[in-house]
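Undergrad: This structure is in structure tokens; I'll ask about it shortly.
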Amino acid sequence: MNRPELFVNHADKIINETRKQGILEGPTLPRHRIKQEPIVREGQWAETWQQALDPAGVRPQKHVLIVVAPRSFGSTTLALHLLARHTDEDTDIVKLDADWRTPKVGQLPAEERHAYQVDLKDPDHDRVSADFLTMLEEHAGLLEKLGSYLVLNVAKDLWADHYVPARSGIHVVHLNEPPPAQNVVEARLRARKAPGLIAYLRSVDKTKASLSRLDAVEAVRTADSIVLAWREH
């Protein structure tokens, strides 16, 4: 290769491609689609939402946010809505697939004007360690320079009550209650253009009692099943 500049460009490409190997990937989600989906922000959900934001309620409080919650509480929905409503319109929202043996900061992407979300729920591969959190602080500084954000949704049983200093670039919030199942179902019915079913559900005591025992994920599935059955008949 007689031209040095061509060699340098070729070498840079190889280096970049090598670095990207093993980096987590995932689909870019349309912001408007996220906003169209219903979300219930009541009780502790409303409190957690505010805790995740800066004092002005405009942007996420830190460039790395960790949401710790029991499984099936709908914390992923909260995270995606937070990013859709409190990051700039030209920021790409990316839902990452946690395709790793164990959480490693070196596998987290860091591109300009991106808002990443990743679920850590696999007991064999997603346990958070103190070393990971230490490295994550440095990563938070990088994301800040890039104007990007990262939300990690960690299953409560995989979070060993780690200590995260308040002055670090990481903010941790805990979600200990699911949104009221009845309200989730009703919001879902309105979004699916079936508000007429709400009055019926409210009038049947047995149905109300059954709904109250559902978590957020079960409530969403129930609402979709009700709409499907209604349209088929």
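Undergrad: Please work out if Pro179 is under 19 Å from Asp215 (Cβ atoms) and not β-branched (Val, Ile, Thr).
TA: yes
Undergrad: I'd like the full set of residues that are part of a loop (DSSP other than H, G, I, E, B), open to solvent by 50 Å² or more (accessible area, probe 1.4 Å) and modelled with pLDDT of 80 or more, limited to region 179-217.
TA: Taking region 179-217 and keeping what is part of a loop (DSSP other than H, G, I, E, B), we get 179-180, 192-195, 204, 212-215.
From the residues that got through so far, the ones that are open to solvent by 50 Å² or more (accessible area, probe 1.4 Å) too are 180, 192-193, 195, 212-213.
If the condition is that a residue be part of a loop (DSSP other than H, G, I, E, B), open to solvent by 50 Å² or more (accessible area, probe 1.4 Å) and modelled with pLDDT of 80 or more, then Pro180, Lys193 are the ones that fit.
Undergrad: How about region 127-151: which of its residues are under 15 Å from the mean Cα position of the chain (by Cα) and within 16 Å of Val68 (Cα to Cα)?
TA: Passing the criteria: Leu150, Val151.
Undergrad: Please give the number of the condition Asp131 fails out of (1) open to solvent by less than 80 Å² (accessible area, probe 1.4 Å); (2) part of a helix (DSSP H, G or I); (3) over 30 Å from Asp88 (Cβ atoms).
TA: (1)
Undergrad: Looking for something open to solvent by 10 Å² or more (accessible area, probe 1.4 Å) and assigned to a strand (DSSP E or B) - is there at least one such residue anywhere in region 102-120?
TA: Checked region 102-120: at least one residue is open to solvent by 10 Å² or more (accessible area, probe 1.4 Å) and assigned to a strand (DSSP E or B).
Undergrad: Could you please find all residues in region 26-60 being open to solvent by 70 Å² or more (accessible area, probe 1.4 Å), without any contact (Cβ under 8 Å) to a residue 60 or more places away in the chain and not in a loop (DSSP other than H, G, I, E, B)?
TA: His32, Arg33, Lys35, Glu47, Gln50
Undergrad: Let me ask something else. Just wondering, is there one or more residues in region 83-95 that are open to solvent by 30 Å² or more (accessible area, probe 1.4 Å), part of a strand (DSSP E or B), closer than 16 Å to Leu152 by Cβ and at pLDDT 95 or above?
TA: Yes, region 83-95 contains at least one residue that is open to solvent by 30 Å² or more (accessible area, probe 1.4 Å), part of a strand (DSSP E or B), closer than 16 Å to Leu152 by Cβ and at pLDDT 95 or above.
Undergrad: Being closer than 30 Å to Glu138 by Cβ and among the charged types (D, E, K, R) is the filter here, so list the residues in region 158-200 that pass it. Explain how you work it out, then say what you get.
TA: As a first pass, look at region 158-200 and keep what is closer than 30 Å to Glu138 by Cβ: 158-176.
Correct list: Asp161, Arg167.
Undergrad: Listed residues Leu143, Leu150; which is assigned to a helix (DSSP H, G or I) and either without any contact (Cβ under 8 Å) to a residue 24 or more places away in the chain or under 24 Å from Lys95 (Cβ atoms) (or both)?
TA: Leu143
The values are calculated or read from the model by the stated rules, or taken from the named source; none is laboratory data. Since this is a predicted model, take the numbers as computed values, not measurements. In this analysis, Cβ positions are derived from the backbone assuming ideal geometry, glycine residues included, and neighbour counts consider all displayed protein chains. The protein model used for the area step is the full one, side chains on, heavy atoms only, and it has no ligands, DNA or RNA in it. Shrake-Rupley method; radii C 1.70, N 1.55, O 1.52, S 1.80 Å.
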